[in-house]
Amino acid sequence: MDMQKKIVMSGIRPTGFLHLGNYFGAVRNYVRMQEEFECYFMVADLHSLTTHPDTKELKENVHRVLSENIACGLDPDKAALFCQSHVYETSELYLYLNMLAYKGELEKTVTFKDKVRQHPENVNAGLLTYPVLQAADIILHRASYVPVGKDQEQHLEMARNFANRFNHRYGDVFPEPHAFNYGDELVKVPGLDGTGKMSKSENQMATLYLSDDDEMIRKKVMKAKTDSGPTEPNSTKPDYIENIFGLMKLVSSVETIAKYEGDYNNCVIRYGDMKKQLGEDMVQFITPIREKAEGIRNNPAYLKEAMEKGAEKARKSARATMELVRQAMGLNYF
Ligand code: TRP
């Protein structure tokens, strides 16, 4: 890989199905970054062990998340697309970083406190040191850019702290990792129920998954909340109507959007027609991704090759960093 390029690293949770919010919020940016940067995109299977000690579904989840990301345009020949557990150096660096991570700061992590509240019966050490493992993931490739959402800001700040602490204690090895996203293009994808953004945990009918079939997509869109329409020309739109327009802007043509904007402003909008159109445009958008993902998921040989390619690239970068790490720490006895 080109050593002049800035290094990008991000982790993908192998839990659940990708939805439209993941696509426009994250995956689409990864697809663009792989053209410009040296990219490491990792399925965080080890992280999932902190809260899902049962590993029965791991294989299926890893295959699904890889297939869906590739179907969205991630290219195993451009980016290093790999599984965390395939890069053993991660665990080594995690161990070293654990010596630089303090109990107090780990206990203060918001995600940790949330998990303690949700599952007081499973407060394991891996959960406490989750941010240390994430820092290892990132700095193992000496990445500077980490495309993540707001929910990961604190973890990233901790990664910066651990990297700086390492550099101060042992010598300069790591650049500071920072969040990276393309300008203000971090689009918010609203849910179909008029409240908040599309997310996995909320109402299933409010979220469009990339695995939803055509009938399901149409059904969900038709159920979106509307009202009887404006009675005054050029009224401001209520949130739930704004959301439907917001979704249309993601997948429909400019002409379609202009037509419904005009109808709204002239108080002749028919939401039934608008949702029918949006449903069709969503089907057009999602169907090729779903079909491609299914094809990949049913092709274990392709998936194996993709994972091996990714692991190879990630291990190469990891080995080079770990040489520097062991040297800096004085773990070189001959
Ligand atoms: N913690 C991240 C999440 O919950 C996933 C993740 C693991 C990650 N390792 C990472 C993200 C490294 C960015 C960089 O989504």
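Just so you know, all these numbers are worked out from the coordinates, no wet-lab data involved. Quick caveat: nothing in here was measured; it's all calculated off a predicted structure. Reconstructed Cβ throughout: ideal geometry from the backbone, glycine too, with neighbour counts over all protein chains shown.
What to note about this one:
- Charge dipole magnitude, Cβ of K and R +1, D and E -1 - the chain, Cα centre, debye nearest 20: 540 debye
- Helix 300-329 axis, angle to the chain major axis (alpha carbon atoms, nearest 10°): 40 degrees
- What separates the Cα centres of the stretch 17-43 and the stretch 97-131 is a distance of 27 Å.
- The chain, helix-only ellipticity at 222 nm - DSSP H runs n ≥ 4, -39,500 (n - 2.57), divided by all residues, nearest 500: -16500 deg cm²/dmol
- Annotation: peptides 158-165, 116-123, ranked by per-residue average of other Cβ atoms within 10 Å with the highest first, follow the order 158-165, 116-123.
- Legend: calculated FRET efficiency, Glu308 to Gln4, from the Cβ-Cβ distance at R0 = 35 Å, rounded to 0.05, equals 0.85.
- The relative contact order of the chain comes to 24 percent, based on Cα pairs under 8 Å that sit 6 or more residues apart.
- The stretch between Arg169 and Asn98, if pulled fully straight at 0.36 nm per residue, gains 24.2 nm over its current Cα-Cα span.
- Largest first, the extents of the alpha carbon coordinates of the stretch 98-205 on the three principal axes equal 52, 41, 18 Å.
- Cα convex hull of the chain - mean projected area over all directions, nm²: 19.4 nm²
- Geometric extent, Cα atoms of the stretch 204-293 - Rg, Dmax (angstrom): 13.5, 46
- Sequence of His141, His178, His47, His52 once ranked by neighbouring C-beta atoms within 10 Å, starting from the fewest: His178, His52, His47, His141
- Of the trypsin sites (Lys or Arg not before Pro) in the stretch 38-108, those whose Cβ has at most 10 other Cβ within 10 Å and which sit in DSSP loop: Lys56
- Each Cα pair under 8 Å and six or more residues apart adds its separation to the average, and for the stretch 204-293 the resulting relative contact order is 45 percent.
- With the convex hull constructed from alpha-carbon coordinates only, the stretch 295-334 shows a mean projected area of 3.7 nm² over all directions.
- Percentage of interatomic Cα-Cα distances in the stretch 144-198 larger than 13 Å: 67 percent
- A protection proxy built from the mean count of other Cβ atoms within 10 Å ranks the segments 256-264, 131-139, most packed first, as 131-139, 256-264.
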